[in-house]
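Q: Can you read through this structure? Questions will come right after.
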Amino acid sequence: MRRLPWLNALLLIVVGALGAFVYLKPSVDSRNENPLSKLKASDANTIRIERPGTSAISLEKKSAGWRVTAPLSARADETRVQRLLSIVEAKSAVRMPATELARFELDPPSASLAIGKQAFSFGMVNSLTREQYVMTGDAVYTVHPRYGAALPASPADLASKQLFGADEIPVRIALKDFSLEQRDGKWTPAPVPAGDLSQDDYARWADGWRFASALRVEPYVGGKPRQDVEIRLKSGTVVTLGILASGANLVLTRPDEKLQYYFNIETAKRLLSPPGARAAQAAKK
């Protein structure tokens, strides 16, 4: 008999949970899938993200790819952009009128995403179904929470971690005590490193700079670089990188982009050691 109060309490909890489920997710025919948009990701040219209390983030598609245009200016991480755009291809088994929005935590929404002229507002994640409520147009839909998770926490999260863009090809890399330059299709070092190095060795080292990918990117906050690395691109543009730190992590600044890039120690050693230097040091041990 003593168990009856506990059993009654448990039954009340179960009934309450089922009531919340019915209230927040009315019955639907799962065979009917409702598209959230008629847009195509490839046709999108602008993206805008807004969260309460923070600056709006804007992106624009340029000839060389997507760029973050506000509140900072940076090449955009194309993978992150495609995750944002994927919502235009989303479909939902649930489509409800956009009324009583407070019950979905859509009045106001936690975040909004505008792709072109279509806006998507993000509400709560249903604790039972693990689906998120999204309003667009005159309807509310339930979708996988990955679409909301794709929204960045900060503008820097959308910045490309690649030190150079796809169209930025280094043809001269000048460190403090070493430089490598491409002349008539051939790499020429100065001074010539010890060891029997081939053009492939030099090309791999140059590609290490060209395809360098940072652990994270942040806005440049100032500080005097310890030394500079001068990079001349195939286009003729000269990019001067500043080395802010080269201990446990390598921190490089690109003043032209007002960004700083963080690399791990292994990447730092590859970039800052002339071709063959590490192999020569290992041979001496």
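Q: Testing residue 233 on (1) open to solvent by less than 60 Å² (accessible area, probe 1.4 Å); (2) farther than 17 Å from residue 171 by Cα, one condition comes back false. Which one is that?
A: Single failed check for residue 233: (2).
Q: Tally the residues that are of a type in the set (A, V, I, L, M), open to solvent by less than 30 Å² (accessible area, probe 1.4 Å), closer than 20 Å to residue 206 by Cβ and in contact (Cβ under 8 Å) with a residue 24 or more places away in the chain, restricting the search to the stretch 244-272.
A: Going through the stretch 244-272 one residue at a time, the tally reaches 2.
Q: Tally time: how many residues in the stretch 130-151 are within 20 Å of the chain's Cα centre (by Cα) and either crowded, with 17+ Cβ neighbours inside 10 Å or part of a loop (DSSP other than H, G, I, E, B) (or both)?
A: So the count comes out to 6.
Each row is one residue, and each column tells you yes or no for (1) touching an Asp or Glu at 6+ places or on another chain (Cβ under 8 Å); (2) not acidic (Asp, Glu).
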site: 196; (1), (2): no, no
site: 209; (1), (2): no, yes
site: 228; (1), (2): no, no
site: 231; (1), (2): no, yes
site: 242; (1), (2): yes, yes
site: 260; (1), (2): yes, yes
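Q: Turning to a different aspect of this structure: Taking the condition of being closer than 20 Å to residue 117 by Cβ and in a strand (DSSP E or B), how many residues in the stretch 35-66 meet it?
A: 13
Q: Report, by residue number, each residue of the stretch 209-227 that is without any contact (Cβ under 8 Å) to a residue 24 or more places away in the chain and either within 21 Å of residue 68 (Cα to Cα) or assigned to a strand (DSSP E or B) (or both).
A: Selection gives 222 alone.
Q: Let me ask something else. Looking at this structure, is residue 114 under 19 Å from the mean Cα position of the chain (by Cα), within 26 Å of residue 69 (Cα to Cα) and assigned to a strand (DSSP E or B)? Working first, answer last.
A: On the way: under 19 Å from the mean Cα position of the chain (by Cα): yes; within 26 Å of residue 69 (Cα to Cα): yes; assigned to a strand (DSSP E or B): yes.
Considered against the rule, which asks whether it is under 19 Å from the mean Cα position of the chain (by Cα), within 26 Å of residue 69 (Cα to Cα) and assigned to a strand (DSSP E or B), residue 114 comes out as yes.
Q: Looking at the stretch 228-258 only, could you name the residues that are in a loop (DSSP other than H, G, I, E, B) and either at positive phi or modelled with pLDDT of 95 or more (or both)?
A: 234, 235, 236, 237, 258
The values are calculated or read from the model by the stated rules, or taken from the named source; none is laboratory data. Values in this document were obtained by computation on a predicted structure and should not be read as measured data. Positions of Cβ are generated from backbone atoms using ideal geometry, with glycine treated the same way; all protein chains shown enter the neighbour counts. Note: accessible area is taken over every heavy atom of the protein model, side chains too, but ligands, DNA and RNA are not part of it. Shrake-Rupley method; radii C 1.70, N 1.55, O 1.52, S 1.80 Å.
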